[in-house]
1. What net charge is computed for the residues neighbouring Ser379, neighbours being all others with C-beta under 10 Å from the C-beta of Ser379, Lys and Arg scored +1, Asp and Glu -1?
2. I'd like the antiparallel share, as a percent to the nearest 5, of DSSP beta bridges with both residues in region 1-149.
3. Compute the signed sum of charges (Lys and Arg +1, Asp and Glu -1) over the other residues within less than 14 Å, Cβ to Cβ, of Ala145.
4. Order of 5-18, 174-187 by packing, highest average Cβ count within 10 Å first?
5. Starting from 0.36 nm per residue, how many nanometres of slack lie between Ala290 and Ser249 once their C-alpha separation is accounted for?
6. If each residue of separation counts as 0.36 nm, what is the full-extension length gain between Met117 and Ala299 once their alpha-carbon separation is subtracted?
7. What net charge do the residues around Lys292 carry, taking every other residue with its C-beta under 10 Å from that of Lys292, with Lys and Arg at +1 and Asp and Glu at -1?
8. Identify, among Cys348, Ile306, Ser244, the residue whose Cα sits farthest towards the positive end of the charge dipole of region 231-376, taking +1 on the Cβ of Lys and Arg and -1 on the Cβ of Asp and Glu, with the dipole about the Cα centre.
Amino acid sequence: MAPLQRVNVLMIDDDPEALMLMSLRLNEACGPDLRFALEGALSLKKGLLLVAAEEFDVILLDLHLPDSAGLATVAAARRHSGGTPIVVMTGYEDEAMGLEAIGMGAQDYLIKDRINMTLLSRAIRYAIERATLLRELRELEQLRAEVRERRKTDEFKDRLLGAVSHELRSPLTVAQAAVTNLVDGMAGPLSPVQAELLEMAQRNLDRLGRLVLNALDFSRLDSGRASLEFRRVDAGRVIAEMASDWRRSLTKTLKVEVEVEDKLPTVRADIDHFAQMLSNLLDNAGRHAAGKVRIAARAEGGMVRITVEDDGPGVPLDRSEEIFTPYTQLARGKGAGYKGTGLGLAICREIAELSSGRVWVEENGGPGARFHFELPLWSSSAAPAGK
C-alpha cells in the first residue's frame, strides 16, 4: 500500500463561503493515497503572512482581492511565495490574462465557473510536479554553470602554469649547471662552509627543477600534446634503477625495501613516462614516510602491478579519489617536507590512462599509504607506436 501523501494548500480568496466549500469538497476527488490540507486567507496580505510563517505545497490565488487586483496580485504573490507553485483561480473568463499570468510564473489558470474537484485536484498535482521539475532544472543549470566556471579557472591555471614553467626552464638549467660546476671544484677549491651552502642550493634547485618539469608535463598530458612511445619495457630493470637513484637522492634516512617478482614479465609502456610515474609515487612516499618505503612488483591478470608503500599518516578514506585531481594536496604537519604543486598524482593518473593502465590508492583507513599502478603485459601483437 502506497504511503499517504499530504498536500498543504493555501487558498487566498475573499469569499468565506468559497473557502469553506473548497475545504469540504476538495478531498472528495482524492484517491486513498492523497489528502489535501487546506488553509484559507481572505486577503493577499494575510495570505502572504501565512506563506512567511508556514510551508505550503501550492497556492490557490484569486486575482481580485480587497487589497489587490489583476496581474499585480500574481506579481506580489510570486515575489513572496519563495518558489511555491501558484494556481490562479478567477471568476473572469479572460484567456489573454490567463496566459499573461502563466508568463509571470503561475503554473495554471482556472475559471471558477468551470472548475470541478477532479479538475482542480489534477491541476494542483500537476502544478506541484511542474514546479519541482523547474526547480530541479534550475539547480542543474546552476551546477552546470559552476562546472563551466571551474573548468575555465582550471584551464587558466593550466595555461599560466605551463607558460611560467616553460619560461623558468632555461634560466633554471643555467643555474643548475653553474652550481654543479662550483660543487665539482671547476672554479677552485671550496671551504667547508661554501661546499655546504652550494649543496643546499643544489638540492633546492633540483627540487625546483622537478616542480617545473611536473608543471610542463601535466600541461602537455592534459592538453593531449604529449606523445607516448610504447615499447617492450623490462619493468624489473626500471624499478631497480629508479629505486637505486632515488635512494641516493633522499634527504632523510629511510629504510627502502624492494620486492620484485622473479622473472617479472615485460610491459607495454613508454619508458620515460613509466619512470616518471614511479618517480612521482616515490617522491610522494618519501615526503610522508616516517621511516620506511617499500616498492613491490608482480604480474597479475595480464598486468604488472607496481606498489609503492610508506609508513606515514595514510590517506583519509574520503580523499582517496580527490588526491588524483590537479592541485590537490593533503594537509601536512610541520616538518613534513615541501608541498610541491599538487600535480604529481594527477600526472600519474594521466600517464596510467594513456598507457591503458590504472593507478589508485588502497583504502585501508589506517596509517600508511599503499599506492598501486598497473601496466599491460607486452604481447607479440602489441603495436610499438605510441598514442
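We did not get these values from a lab; they are worked out from the coordinates using the rules stated. What you are looking at is a predicted structure, and each value in this text was computed from that prediction instead of being measured. When we count neighbours, we look across all protein chains shown, and the Cβ atoms used for this are built from the backbone with ideal geometry, even at glycine.
1. With Lys, Arg at +1 and Asp, Glu at -1, the net is +2.
2. 10
3. In short, +2.
4. Peptide ranking by packing, descending: 5-18, 174-187.
5. Result for the pair: 13.1 nm of gain on full extension.
6. Result: 58.4 nm gained on full extension.
7. That sum, taken over residues with Cβ under 10 Å, equals -2.
8. Toward the positive end, the furthest listed residue is Ser244.
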